[in-house]
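One structure follows; several queries about it will come next.
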Amino acid sequence: MATNDQQLLEQQYDSTVRADIEEFRAKSQAWVNKEITDDQFRAQRLRRGVYGQRQEGVHMIRTKIPGGLLTSDQMRKMGDVADAVAGGKGHLTTRQNIQYHFVPLAQVPDALHMLADVRLTTREACYNTVRNVTACPLAGLLADEPFNVQPYARRLALAFLHKELTDALPRKFKVAFSGGEVDTVATAINDLGLRAVVKDGKPGFRVTVAGGLGPLPTEPKLLWDFIDAEDVVRRTEAVIRVFNTHGNRNNKDKARLKFVLRERGFEWLKNAIEEQYADILKNGGIAMPDSVPENFGGFVSTPPPKGTGEFLPIFDPTPEFQEWQKTNVRDQKQPGYKMVTVMVRQGNLTGDQMRGLAQIADQAGDGFLRVTMSQNIVFAYVPAGALARVYGMLANMGLSADRAQEISDVVTCPGAYSCNLALTKSMGLGDALATSTRKYDDPQVRDLKIRISGCPNSCGQHWIGDLGFYGNARKVEGKDGQKQEVPYYKMLLGGTETEFGLTVQSLPARMVPVAVDRVLSHFLENRQAGESFREYVKRFKVDTFKKLTADLEKPVVAEVGEDVLKDWGDNENFSLQLGRGECAA
C-alpha cells in the first residue's frame, strides 16, 4: 500500500499534469480564435511535445519514456492512442520516445489525457527544455554493470519536469545514463553523460559534459571522474544553471551547451559549474525526489509476477526460429532467463503490434518493455522454454525478423515523411538498405551499424554510424538539358559511439545502396586481421572512398534512368520542400 507521502506526491503530480493539459486546450482554442499569434502558440505547443508537420492541419506528438522503460499497461495505452488519433501508427525514436504523426490539433488534448491515465507525459519532450532522460535499456540485467541506473534516471527526470529553471532554456538539454561496460545510450553525444561506477563501495557516476551532434558535432569533456549517485540532481542543476545563463539566446544555431564550451573553453565552463554547485550547497536548489509516482519511468511499487509463457499459443520451432534465436536472444545475469530483442523496422509500430507486445511482456516476461536507442524493443525475464512461443507471437505480428542490432537493422529519423526541416525521406532509404545488406554473411560486416538522417541535424545520429548518411539536395542535368532537383545523401564512414564518422561525399539517394556495396566489398578485400572498420577507414583515408564512388556522384539521367530523380518510396520526381523547422526551436 502506498504511504501518505507517496499518495500526496501522486496527487500533486496528477493535478499538475491534468491542469497543464487543460491549459494547452485553452491555448489551442485561443490560437484557433486568433486571440494569440502563431509564435505565442508555438512555444505552448512545443513545451507539450506537439510539433508542427510539413502537412497542414496535423501535428506530431512526442511521448517521453524516461529511461526507455514502459509497463505493459502503458504500451497498451500507447496502442490505443495510436488508433484514436494517429491512424493506428507510432514511431520509436533514437531517444527512447514514441511519436505519433498526423494528429489533428483538436484531438491533441484528449490524447494527452489518455497518456496521463497511465502517467505518460509529453511535457518538455520538445522545445528548449530538459528532454527525455535516456538510460541503458538493459539496466538491471547485465552482469558487468556496477548497479542499476534506472532509479536514478527516473528520479532526475521527475526532478526537472515542470520546473521554471528548465521550462525555457537557450536550447534543448540532453541527459543519458549508462550502466554496463558497453555504452548502449551513447552518453558521449549528450549534454550530460553519466556512466555508473563504484568507488570505495559507494555508487556514483563518471560525468562528461557538452557533447552533441547536429551539423557541428562536438566531443564531450570529462567534468567529474566521480560524483555520489545521490548527488546527481544537484550536480545536474549546476550544469543547467550555467547553460541557462550563458547559452546563446540570440542564435539558436549556436545555442547548445557545446557552443558555450567551444567559445569559453573547458576550464571556464568547469569553474562556472563548480561555482553554481557551491551556491546550491549553500542556498539550496532542486531536490532529488525520494520517490516517483506509480508508473512514472516504469516504476511500480509492487512488481508484476513474471510470466511463464504457458498461455501463449504453441509454436513449432522452425529454421527461421533457430536463426532468430541466434541473433535476437541473449543471456541476462538472472539464471534461467533471456533477453529478447524485437527488431522494429525503422521504429514503426501499429496499435495492434503495441498491444501484442504488451501481451508478450505480461505472459512471457516481467511486465515491462524496454525501448532501445536503435529503435527496437527488448523483453527481459523470458524463460528459455518460452522462446518458441514468443517467436510465434512475434511472427503473427510481423515482428519476428532476425539480425537485430546488425547492419540490416537500420536506424533512421522520420525525415521528409513528416518533418519540416528534412530534405529527404530517410525511412525510405533505410528500408532499401535494410533489404540490400541482408545478403552479407561475414560476421564483421553484419556487426556494422547504419544510421540515416533526413537533414544535417542528426536526429538519425548519422555521425556515430559505421556508415552514416544525411539528406541534402542537388541539381543535375535532365534528359531535356534542364537542371532538375535530385535527392542526395552525404556519406560518412567510420563513426562509433564516441568518435565521429569521416565525411566522404554526397551521392544521389538512388545510388547509395550501390555505394554501400562498393565500400563493403572493398572492406572485405582489404581489411587486416584484428582491424576495426574505423581503423580500416582511417588507413585508406577519405580519398580512397571518394574515388571508389566518384562515378556515382553526378549521374547522367539518360544513362541511369529517371528513377534517380525520385526519392526512395516516391513515385513522383523529387522537389525540395522545406518549412519552418521546429526540432531546432
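Values in this text are rule-based calculations from the coordinates and carry no lab data. Computed from a predicted model, the values in this text were never measured in an experiment. Cβ sites come from the backbone with ideal geometry, for glycine too, and all protein chains shown count toward neighbours.
For the chain, what does -39500 (n - 2.57) per DSSP helix run (n ≥ 4), summed and divided by total residues, give at 222 nm, in deg cm²/dmol to the nearest 500?
Working: 17 runs with 202 residues, N = 585.
Taking each H run of at least 4 residues, the total per residue is -10500 deg cm²/dmol.
Using only the Cα atoms of the stretch 388-445, build the gyration tensor, take square roots of its eigenvalues as a ≥ b ≥ c, and label the shape rounded, prolate or oblate: rounded if a/c is under 1.5, else prolate if a/b is larger than b/c, else oblate.
oblate
Enumerate the amide H contacts of Leu502 below 5 Å, restricted to partners 5 or more residues apart or on another chain; note that Pro and chain-start residues carry no placed amide H.
Amide H neighbours of Leu502: Leu493, Gly494, Gly495.
May I ask you to derive the FRET efficiency for Phe311 and Ala384 from their Cβ-Cβ distance with R0 = 25 Å, giving the value to the nearest 0.05? Intermediate results must be reported in sequence, preceding the final value.
Working: r = 17 Å, r/R0 = 0.68.
It comes out at approximately 0.90.
Ok, one more. Just to check I understand the Karplus step: with θ = phi - 60° and J = 6.51 cos²θ - 1.76 cosθ + 1.60, what whole-Hz values come out for the stretch 127-136, glycine and proline as x?
Those phi angles translate into 6, 8, 9, 6, 6, 3, 7, 8, 8, 4 Hz.
Also, quick follow-up: Any chance you could run the full-extension gain for Asn283 through Asp551? It's 0.36 nm times the residue separation minus the Cα-Cα distance, nm to one decimal.
Numbers: separation 268, 0.36 × 268 = 96.48 nm, distance 6.44 nm.
Between Asn283 and Asp551, full extension yields an extra 90.0 nm.
What does the charge count near Trp224 come to, summing +1 for each Lys or Arg and -1 for each Asp or Glu among other residues with Cβ under 15 Å from its Cβ? If you can, show how the numbers build up before the last one.
Values: positive: Arg195, Lys199, Lys202, Arg206, Lys221, Arg234, Arg235, Lys270; negative: Asp191, Asp225, Asp228, Glu230, Asp231, Glu237, Glu267, Glu274, Glu275.
Residues near Trp224 contribute -1 overall.
Expressed in nm to one decimal, what extension gain is obtained for the pair Asp331 and Arg262 from 0.36 nm per residue of sequence separation less their Cα-Cα distance?
Computed gain between Asp331 and Arg262 is 20.6 nm.
Calculate, for Ala43 and Leu222, the FRET efficiency according to 1/(1 + (r/R0)^6) with r their C-beta to C-beta distance and R0 51 Å; round to the nearest 0.05.
Computed FRET efficiency for Ala43 and Leu222: 0.90.
Let me ask you something else. Against the empirical 2.2 N^0.38 Å scaling, what ratio does the C-alpha Rg of the stretch 134-283 come to?
1.01
Would you mind checking Lys425/Lys554; Lys270/Lys541; Lys449/Lys490; Lys449/Lys566; Lys333/Lys449; Lys258/Lys475 for any pair whose Cα atoms are more than 28 angstrom apart?
Check vs 28 Å cut-off fails for Lys270/Lys541; Lys258/Lys475.
With helices defined as uninterrupted DSSP H runs, which ones in the chain have an alpha carbon span along their own long axis of at least 18 Å and mean Kyte-Doolittle hydropathy of at least -1.0?
In the chain, the long hydrophobic H runs are 72-85, 232-246, 266-283, 351-364, 512-526, 533-548.
Still on this structure: Could you calculate the FRET efficiency of Ser301 with Glu572 from 1/(1 + (r/R0)^6), where r is the beta carbon distance between them and R0 is 56 Å, rounded to 0.05?
About 0.55, to the nearest 0.05.
Whole-Hz Karplus ³J(HN,Hα) for the stretch 89-103, in order, using 6.51 cos²θ - 1.76 cosθ + 1.60 and θ = phi - 60°, x for Gly and Pro?
Once θ is set to phi - 60°, the couplings for the stretch 89-103 become 9, x, 9, 7, 9, 6, 10, 6, 9, 10, 10, 10, 10, 6, 9 Hz.
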